Every structure is written in structure tokens, then in C-alpha cells.
Amino acid sequence: MDLRTVLVVGTGLIGTSAALALRKRGVRVLLADRDQGAVRLARELGAGEEWQPMKGGQAAQASERADLAIIAVPPAYVASELLELQRIDAARFYTDVASVKAEPIHRAAQLGCDLAAYVASHPLAGREKSGPGAAREDLFLGRPWALCPTEEADPEAKAAVLRLIELCGANAVEVSATDHDRAVAVVSHAPHVAASAVAARLADATDVALGLAGQGVRDVTRIAGSDPGLWLGILSGNASPVAEVLEAVANDLADAASALRALAEGDGTATNEITQLLKRGVVGHDRIPGKHGGPASSYAAVQVVIGDSPGQLARLFQVCDEVGVNVEDVRLEHAPGLPLGIAELSVEPDAAGALTEALRERGWQVP
């Protein structure tokens, strides 16, 4: 399936990122959004050209009929947007990129949309920031991208979405809408609510507590900084599966709290309950796939004191390049009140010694 022209409806983070990725591959991209400011910004970023208004219930020009329309709007609006686009024959085929699948498909069927030309999809990629200004052309590289074709879906429609996924550099994963929604409830939606619950405790925390905040609380609460309105729409569309996961998490937390109360009162046997939860957490954490898929690899961590000034990271990575060490991951932790921090480089275990020695030789402080 050759995609020459793609219409992106919704120029937020996901829509604009897809547009940028497609433009990089030479695809003509048309942009539409109810927010004209978002369209202008996406256009200025090089994501494409503005879609011309519709006239007389048909596309303004025959040449404006896209090969594929990407509906990048909140889940509650996917079906109505699909119906309107199909009414004016905006594209040959259609997909959406909402993070909920069963409800939009069900609603599209109720409205009488042409399900043969529509294949729902969802790229499992994002950021805690939103809007076209946060978009990146490499946002989907190596990321899973679910597609959920119905029985009515035309094979060509599916091929068009598969081509979209390929052009964006993602990995296609075909799954039913129901299985998709239950899966993202576990790996995305419930974790977001849990992160928000932890972050909410910080709203009334003392200055002393916040002054002691380290990387751990930042890691746990990072995604809690996302747009509440956006997430309300996501959670509303996947309410039951998310509720089931949260109830299970709440039960674990309640049991842990009871055990800690008992431990505080002198019951030494209560540590078993807490230990079991911590061990189950380790098992679950270790099942998260690594960056290349499959089981996560074990890396050695090389910590380096780094100044908070321009060019420091570039200098650090230059050393890695000189000694031929690939950095698998990097984390930065700033020292509150000081113009420095710690860069933690994850490298292959057999490369850690050589990198540490090279850094020290070049004057870097390696704890």
C-alpha cells in the first residue's frame, strides 16, 4: 500500500508526531484541527500543510482526497469525527490513534460508519507533555503500535494502516479491541492513576519533605504531570478495565498498610506480607521488556559527577565514543541548590571498568 497523501485530523502530540514522521519519508501531509493555533504551530514545525475547507458536502478538490486519514482526537470524539470525514469522502481509508479502542469502534458501528474502510489503531508512545510543540518525528521509533481490525475491515484498509506504522518506524501488533483495552489498563492507564495518587500526597507535603525529594519520587510521579482533561477522556473510555486493575492495586496497598500497622505494634510476623509484595514487585518489574524487546538486559551503572552547564553531556558522550562504549540508557539527577548533578550511564557490564578508567583519566569525578 503506497501512501502518497495522509490527512491528520488533530494536531496534538500524537497527530503532529505522526505528521512529522510521514513528512520525513516524503509523504504529503494535510493538517486539520478545530484549534487553528495548533494547526499553525504544526505547520510551522514542518508537519505539513493546512487542509482546505470542505465545500458542498464533498472534498474541496478531488486531489485533496487522502489515501489515509489519521483521526488523532480524544476517544469520545473518534466515532463522530470518522462519520463526518466519511460523509465528505475525505480519504480512502481511516484509522484513529486514541488509547482506547472498544468504545470508539462500538460507537462508530452505532452511528453507521463504514467499518470496511476503518481500522482502529494505537501507538504505544507518548510524553508527559502535550500539544504540537512537544511533537517529535522519532516518537514512534521501535515502539509497539496496536491495530485492531474488525471482521468488516477491508484488507486494503489494514494494509494502509500497516504502511503507516512502517513509515513511522513502529512495530505493528495486531490485537482485538477488548484485549487491547485490558492490556493498556495494566501497562498505561492504571499506572497513570497510581502515579497521580502518589503525586497528590505531595500537594500538602511539608517543605522539609520536598527538600528531601530524590530521584525515586521523580521517577514514580513523572507521568502525573500530564494534562488532566486529556486523561479524564482516556480513563472514561476504558473505565471498567482500569477500575479492575486499581482495585487489585488498592487491595495490595491496603494489605501492606495493615501489615505495617501490625509491625509498628510489635508483630514481627507482619514483615512476611510486605516482603511478599516487594518480591512480587521485583518479578513484575523484571518482566518489562528491554529496549530491544524480550527480557530486559542487566546493565552496569557508571555514575559521573557532571556540571550543570552547556556542553557537559556532549563531553561525557564523547569519552564514551572514544573508548567504544555504547550507552544503553542515561539518567540525570540534579543536586538541589548546587550547579552539578549525577549522570548515571547504563552500559554492558564488561565495558564498565574501561569506561570508568577512561573517565577518571580525563578528569571526570566517578564516585
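Restricting the stretch 55-111 to residues that are in contact with a strand residue (DSSP E or B) (Cβ under 8 Å, 6 or more places away or on another chain) and among the basic types (Lys, Arg), which is modelled with the lowest pLDDT?
So the residue we want is Arg65.
Mind checking which pairs have a first residue in the stretch 263-285 that is more than 23 Å from Pro191 (Cβ to Cβ) and a second that is surrounded by 13 or more Cβ atoms within 10 Å (Cβ to Cβ) and of a type in the set (S, T, N, Q), Cβ under 7 Å, 6 or more apart or different chains?
Pairs found: Leu263/Thr271.
Among the numbered criteria (1) modelled with pLDDT under 95; (2) part of a helix (DSSP H, G or I), which one does Ala205 miss?
Result: Ala205 passes all but (2).
Is it fair to say Ala76 is in a helix (DSSP H, G or I), more than 21 Å from Val27 (Cβ to Cβ) and assigned by TED's automatic domain parsing to the domain that holds Arg40?
Values: in a helix (DSSP H, G or I): yes; more than 21 Å from Val27 (Cβ to Cβ): yes; assigned by TED's automatic domain parsing to the domain that holds Arg40: yes.
Yes, satisfied.
On the given criteria, is Ala256 aliphatic (A, V, I, L, M) and outside any helix (DSSP H, G or I)?
Values: aliphatic (A, V, I, L, M): yes; outside any helix (DSSP H, G or I): no.
No.
Mind checking which pairs have a first residue in the stretch 33-50 that is over 13 Å from Ser17 (Cα atoms) and not assigned by TED's automatic domain parsing to the domain that holds Arg136 and a second that is among the β-branched types (Val, Ile, Thr) and part of a helix (DSSP H, G or I), Cβ under 8 Å, 6 or more apart or different chains?
So the pair list comes out empty.
Filter the stretch 316-329 down to residues that are closer than 27 Å to Gly214 by Cα and surrounded by 16 or more Cβ atoms within 10 Å (Cβ to Cβ) and give me whichever is nearest to the chain's Cα centre (by Cα).
Applying the filter and picking the extreme gives Glu328.
Conditions first: (1) closer than 28 Å to Ser188 by Cβ; (2) surrounded by 11 or more Cβ atoms within 10 Å (Cβ to Cβ); (3) out of contact with any strand residue (DSSP E or B) (no Cβ under 6 Å at 6 or more places or on another chain); (4) at pLDDT below 90. Gly294 passes all but one, so which condition is the exception?
(2)
The values are calculated or read from the model by the stated rules, or taken from the named source; none is laboratory data. Owing to the predicted nature of the structure, the values given are computational and were not obtained by experimental measurement. Using ideal geometry, Cβ is built from the backbone for each residue, glycine included, and neighbour counts are taken over all protein chains shown.
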